[in-house]
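Here's the structure we're looking at; comments come further down.
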Amino acid sequence: PVPEQLENVRRFFDWYLEPGGSIRKNVRRANAPPVIPTNNGKLWACNQMSRLLRNPIYCTADKEAYEYFSSIGVEIASDPSEFDGTKGLMWYNRRKPHGRASTRFRDTDEWILVVGDWPGTVPGSIFVAAQKKLDENKEKPPRAGTGRRGLLAWLIKCGHCGKGMTYTISKRSADEEGYSYGYYRCRQRNELGENACRGGHVKDELVENAVIDVLRKLCEDEKILDEAIAAAKREMERLWEPLLKEKKRLMKAIEEFNEEERNLVAALGKNRIPVNLIEA
């Protein structure tokens, strides 16, 4: 254990459980000066913070932890007497292979929890409270699509870091008629904090009107339209060529199977082959 890092872990749990606390707020606070870096010296991301808050390696194996993990249906391999408030915990059999290079979570009743041989970092009551808050936030339904959507969200990139720009509406910028302006913001700066990128934000009208003006001019240029249509046709031909070859191969295979089927039916009619072989 590294005492300084474990102190930060305890701080992260406390931040998250504060009123209004969230994973994103944790990330922004950790990345703000004085920066609390990750183990590899980089800034925090939301998925990293979420994994840390979910990791039972920091949870003290005590009565509250035992009751919580028993209630969610996981298999606890350690004896209840080992939950004496001194050690941490660890998962086994939580994930299963999926594809060549990824994994997926198994069902909860397949997870195995054991008491480890290292000191716990946060009390079970705090860890359990964080899990319940994480679960509540995960189950919240998405907001109804009543707001405006950015025409160029994720299509335009931040000029400083190259990450996609998200769209937000600022109620504080409402005009006299109550119209709220939208802004495109750097996703990395918005999620990770000011230290992640020095890019700012831009009003939606400015960038959208600029793009629309360019598109309008392009659509009025017959030469450009002809070139675009020709390029689209070439791209379609490029995509279709391997598909047509595959179709030809499959049609040939189907015909071979049909011929084999006809031969087997003819052989069956003449009692040349046992029925069980033809069924197989």
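A compact table of results
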quantity: Correct option for semi-axes √(5λ) of the Cα gyration tensor in Å [calculated from the coordinates] among (1) 49, 42, 17; (2) 30, 26, 19; (3) 44, 23, 17; calculated: (1)
quantity: Accessible surface of the chain [probe 1.4 Å, protein heavy atoms]: carbon and sulfur percent; calculated: 53 percent
quantity: Given K157/K217; K157/K203; K25/K138; K25/K133; K87/K132, the pairs whose alpha carbons are separated by over 19 Å; calculated: K157/K217; K87/K132
quantity: Partner aspartates and glutamates for K270 [C-alpha distance under 15 Å; skip if fewer than 8 residues away on the same chain]; calculated: E261
quantity: Amide hydrogen neighbours beyond the local backbone of R106, cut-off 5 Å, H modeled; calculated: R95, K96
quantity: Note, ³J(HN,Hα) from phi for the range 151-166, Karplus 6.51, -1.76, 1.60, rounded to Hz, x at Gly and Pro; calculated: 4, 10, 4, 6, 8, 9, 10, 5, x, 9, 10, x, 7, x, 10, 8
quantity: Backbone HN-Hα couplings from phi across the range 101-111 [Karplus 6.51/-1.76/1.60, Hz, Gly and Pro as x]; calculated: 9, 9, 9, 9, 6, 6, 5, 4, 6, 9, 5
quantity: C-alpha center-to-center spacing [the range 6-68, the range 183-208] in angstrom; calculated: 25 Å
quantity: Residue order for M49, M90 - accessible surface, 1.4 angstrom probe, largest first; calculated: M90, M49
quantity: Residue-normalised accessible area of the chain, expressed per residue, 1.4 Å probe, Å²; calculated: 71 Å²
quantity: Nonlocal amide H pairs with I156, under 5 Å, H built at 1.01 Å; calculated: M165
quantity: For the chain, cysteines whose Cβ has no other cysteine Cβ within reach (under 4.7 Å); calculated: C46, C59, C219
quantity: Dipole-positive endmost among W91, G182, V114 within the chain (Cβ charges, Cα centre); calculated: G182
quantity: Theoretical ellipticity at 222 nm over the chain - DSSP helices of four or more residues, -39500 (n - 2.57) apiece, nearest 500; calculated: -15500 deg cm²/dmol
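The values are calculated or read from the model by the stated rules, or taken from the named source; none is laboratory data. Remember, it's a predicted structure, so these values are computed and weren't measured experimentally. Note that we place each Cβ from the backbone using ideal geometry, even for glycine, and neighbour counts take in every protein chain shown. Please note that ligands, DNA and RNA were not included when accessible areas were found on the heavy atoms of the full protein model with its side chains. Shrake-Rupley method; radii C 1.70, N 1.55, O 1.52, S 1.80 Å.
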